[in-house]
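The values are calculated or read from the model by the stated rules, or taken from the named source; none is laboratory data. Not measured: the values here are computed from a predicted model. No Cβ is skipped: glycine too gets one built from the backbone with ideal geometry, and neighbour counts run over all protein chains shown.
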Amino acid sequence: MKNVILLTIDTLRKDVLGCYGGKGFTPFIDSVQDKCIRFTKAHSPGPYTQAAFPGILTSSYYLEYGRGKMLSEKRVLISESLKRAGVTTAGFHSNPYLSAYFAWNRGWDVFYDSMEDEVDDKVPYIKAGEINNKVSAWLSSHIGGIAGYNPFFLWVHYMDVHEPYVPERNYMDMVDPSIKLNEGEMFGLFKDVLLKRDVSDRRIVEILKKLYCAHIREIDDGVKEFFGILERYDLLKDSLIIITSDHGDEFGEHGGLSHDGKMYSELVNVPLIIYEPSREKGEARDTLMSLLDIPPTILYLFGLNQVDVFEGHPLLPLDDYPARGVFGEAVDKHGSTEKGEEKEVHYYCEGDLKIIYRERDDSWELYDLNADPKEINNIVETSSAADAMKQKVSPRVRRYQR
Amino acid sequence: MLDVAPTVLDVMDLEIPKEMEGKSLLGEEKPERPPEDHEKMRSRLKALGY
């Protein structure tokens with residue numbers, strides 16, 4: 001495979017994709033599954049962008065190098081290692097947390113983070129269509145109509161699913177035409193309900209989720225357009241595409257909204273799909289894996305040596321992937337209106353078990369994800385596995401301060 | 001003491017080698033950006049609900 005593309009969709013829940021059992025809001029992504037490996041137990045190392053992306057692009061955990069806002073110089077971006085090896089690297093996105101401001105621009109030959117462009121309150125990011133236009137222009141100049149272009153690693157990140165949830169009318173109609181909210185009313189729900197994490201009215205929470213699903217339908221068209229661009233430049237057949245998300249979103253499942261510092265499945269069990277153009281039959285894998293495995297997988301695909309500080313493992317070849325547990329960590333209260341000292345929250349998954357530690361109240365939760373996939377029944381007091389699971393997590397709490 | 005060398009390099013605005021185990025005492029916040037950059041960042045994050 002000549003090129004590798006990483007397509008990340010911010011805030012994309014796994015369960016809204018048709019190929020993962022969702023309601024059909026992703027017809028294009030579903031339609032290419034015969035050429036995909038679909039991982040059902042992919043775990044993000046954190047429930048929001050700053051906690052997840054160190055794993056996705058540097059194969060390291062959020063709290064590994066302390067709590068600096070800037071991307072630590074000690075982390076190695078996949079773009080840096082690829083560029084050193086002679087691979088062309090290009091990144092296009094519109095998430096401020098991943099911008100040059102926070103030093104995420106290291107190692108890219110081309111880096112667009114949208115911070116020089118204007119956005120408005122109702123759509124505070126550059127939409128997928130415009131990101132695609134920029135990618136198309138870059139591809140056109142890079143390949144230059146010649147077969148001998150330099151192999152590239154392309155990272156594209158879409159923000160269109162992220163709040164404030166003000167979808168276009170035509171997409172809202174595809175999800176639920178009975179919802180007649182105008183833009184101002186949708187934005188009002190963002191300010192009056194979502195920002196206040198108010199789940200008291202289940203009917204309003206359901207409307208918010210439908211607005212979110214309208215964005216899902218919209219982003220599926222964005223992905224379709226992106227594939228079309230690759231096809232137009234005759235690049236699709238030479239490109240392996242990894243599609244994933246940094247985290248999901250909550251709609252009251254555990255008493256909240258959006259994506260604060262919780263570690264439940266709606267936030268950290270994310271979609272992960274690998275599109276291989278030469279594949280003749282799709283397959284699903286239930287291997288427990290982490291998004292920290294993405295950078296090592298990309299190095300493997302380019303035939304390069306692994307980077308010592310990467311903490312993940314290549315996902316390919318599939319049969320060589322070792323069975324192991326996965327971790328996640330974050331700072332509690334992120335994005336909420338609560339103030340106060342920052343506290344950590346951690347999780348660890350092994351087999352069907354998942355343990356969560358919340359420093360704020362020194363509490364533990366243990367779930368059997370097979371028997372209790374919605375993580376309702378905390379079995380930490382009754383399970384014989386609880387102590388062993390706790391011992392996996394305890395050494396990681398505040399480890400950068402020791 | 002491990003932090004002395006990285007701090008000196010940071011003060012001189014030189015790259016700190018990844019092999020160094022210490023950390024610059026100046027921290028990782030780079031103060032050289034103009035105030036409008038910080039304001040723009042705050043504004044963009046706020047619009048996203050942060």
Next item on the list: Return the total of residues in the stretch A:266-287 being under 16 Å from the mean Cα position of the chain (by Cα) and under 16 Å from A:Gly312 (Cα atoms).
Entry: 1
Next item on the list: Search the stretch A:2-20 for residues that are without any contact (Cβ under 8 Å) to a residue 60 or more places away in the chain and pair each with any residue that is part of a helix (DSSP H, G or I) when their beta-carbon atoms are under 6 Å apart and the residues are at least 6 apart or on different chains.
Entry: A:Gly18/A:Asp30
Notebook entry, point to check: What are the residues in the stretch A:372-402 that are loosely packed, with under 11 Cβ neighbours inside 10 Å and closer than 17 Å to A:Lys262 by Cα, if any?
Noted result: A:Ile376
Next item on the list: Within the stretch A:194-208, track down each residue that is in contact with a Gly (Cβ under 8 Å, 6 or more places away or on another chain) and within 14 Å of another protein chain (Cβ to nearest Cβ).
Entry: A:Leu194, A:Leu195, A:Arg197
Item checked: Residue tally, condition within 10 Å of chain B (Cβ to nearest Cβ) and farther than 26 Å from A:Met289 by Cα, over the stretch A:74-99 -> 3
Checklist line | Odd one out for A:Pro295 among (1) of a type outside the set (S, T, N, Q); (2) surrounded by 18 or more Cβ atoms within 10 Å (Cβ to Cβ); (3) under 23 Å from A:Tyr367 (Cβ atoms) | finding: (3)
Check: Only one residue in A:Ile5, A:Ile37, A:Ile29 is under 18 Å from the mean Cα position of the chain (by Cα) and crowded, with 24+ Cβ neighbours inside 10 Å. Which one?
Finding: A:Ile29
Checklist line | Any chance A:Gly256 is under 30 Å from A:Pro295 (Cβ atoms), within 14 Å of another protein chain (Cβ to nearest Cβ) and touching a residue at least 24 places away in the same chain (Cβ under 8 Å) | finding: no
Next item on the list: For the stretch A:234-250, indicate whether the set of residues that are assigned to a helix (DSSP H, G or I), among the small types (Gly, Ala, Ser) and either touching a helix residue (DSSP H, G or I) at 6+ places or on another chain (Cβ under 7 Å) or closer than 22 Å to A:His43 by Cα (or both) is non-empty.
Entry: no
Notebook entry, point to check: For A:Gly282, are the conditions met, namely being surrounded by 22 or more Cβ atoms within 10 Å (Cβ to Cβ) and either within 24 Å of A:Val156 (Cβ to Cβ) or touching a helix residue (DSSP H, G or I) at 6+ places or on another chain (Cβ under 6 Å) (or both)?
Noted result: no
Note to self: Let me confirm something: among A:Glu218, A:Glu250, A:Glu231, which residue is in the same structural domain as A:Leu318 (by TED's automatic domain parsing) and touching a residue at least 40 places away in the same chain (Cβ under 8 Å)?
What the structure shows: A:Glu218
Next item on the list: State all residues of the stretch A:144-193 that are under 23 Å from A:Asp246 (Cβ atoms) and within 14 Å of chain B (Cβ to nearest Cβ); if no residue qualifies, say none.
Entry: A:His157, A:Tyr158, A:Met159, A:Asp160, A:Val161, A:His162, A:Glu163, A:Pro164, A:Tyr165, A:Val166, A:Phe190
